[in-house]
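A.B. asks: Would you mind keeping the following structure in view while I ask a few things?
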Amino acid sequence: MAAARFPSFVSPARREAFWQLVRFGVTGGAMTAFYAAIYWPLATYVMNPNLAVVVAFLAATAVGRFAHGAVSFRGYGTRNARTARRFFLVQLLGFVLQQGFTWVLVTGPFFHGPTWWPLVPAVSVVPLLTFGLQRNWVFR
């Protein structure tokens, strides 16, 4: 498969950012599927959905730290204790968002929807936010 061609006016930095976004999408898609495969059965059949978010997020964060560092942002930025702390802070923000979505859509006083509803913002909102923060703050 041939590499994508960009017009000559597209800077190398923008090309790099594009390919990082592609790699982040593939890696993040795998991490999101991993998260969903843990969250949904636990939330549906085993435990309170908000507790299932905790279990799924811990597992996905542990795997995602190494996957994003090795694949999504390979050759970009640094890998040190500061990077690890920042990665976990970004993940904590994602965790808070996931808990909020789960509470509002499933366990809170408003909707009482099915346990899969919070997966919609999990695959649409959270990944875009975390990509921006990881690229511009964590792995820079």
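The values are calculated or read from the model by the stated rules, or taken from the named source; none is laboratory data. Bear in mind the structure is a predicted one, so any value in this text is a computation, not a measurement. The protein model used for the area step is the full one, side chains on, heavy atoms only, and it has no ligands, DNA or RNA in it. Shrake-Rupley method; radii C 1.70, N 1.55, O 1.52, S 1.80 Å.
A.B. asks: Give the Kirkwood hydrodynamic radius (Å, one decimal) of the stretch 75-140, defined as one over the mean of 1/r across all pairs of different Cα atoms.
C.D. replies: On the way: mean 1/r = 0.0772 Å⁻¹.
Kirkwood hydrodynamic radius for the stretch 75-140: 13.0 Å.
A.B. asks: Could you tell me the relative contact order of the stretch 42-140? Use alpha-carbon pairs under 8 Å, at least six residues apart, and round to a whole percent. Intermediate results must be reported in sequence, preceding the final value.
C.D. replies: Values: 79 pairs, mean separation 32.8, N = 99.
Computed value for the stretch 42-140: 33 percent relative contact order.
A.B. asks: Mind checking which helices in the chain clear 18 Å along their axis (Cα) and have mean Kyte-Doolittle hydropathy of -0.5 or more, DSSP H runs only?
C.D. replies: Working: long enough: 12-41 (43 Å, 0.24); 49-67 (26 Å, 1.58); 81-102 (31 Å, 0.55).
Result, helices passing both filters: 12-41, 49-67, 81-102.
A.B. asks: On to the next question. Over the chain, what percent of the accessible surface lies on carbon and sulfur atoms, probe 1.4 Å?
C.D. replies: On the way: 5810 of 8000 Å².
In the chain, the share of accessible area belonging to carbon and sulfur is 73 percent.
A.B. asks: What is the extension gain from Ala33 to Ala13, computed as 0.36 nm multiplied by their sequence separation minus the C-alpha to C-alpha distance, in nm to one decimal? Write out the running numbers ahead of the final one.
C.D. replies: On the way: separation 20, 0.36 × 20 = 7.20 nm, distance 2.96 nm.
Answer, rounded to one decimal: 4.2 nm.
A.B. asks: Suppose we keep just the alpha-carbon trace of the stretch 1-111; what are its Rg and Dmax in angstrom?
C.D. replies: Final numbers for Rg and Dmax: 17.4, 55 Å.
A.B. asks: OK, next. Largest first, please: the extent of the C-alpha atoms of the stretch 1-59 along each principal axis, to the nearest Å.
C.D. replies: Here the Cα extents, ordered largest to smallest, are 54, 22, 13 Å.
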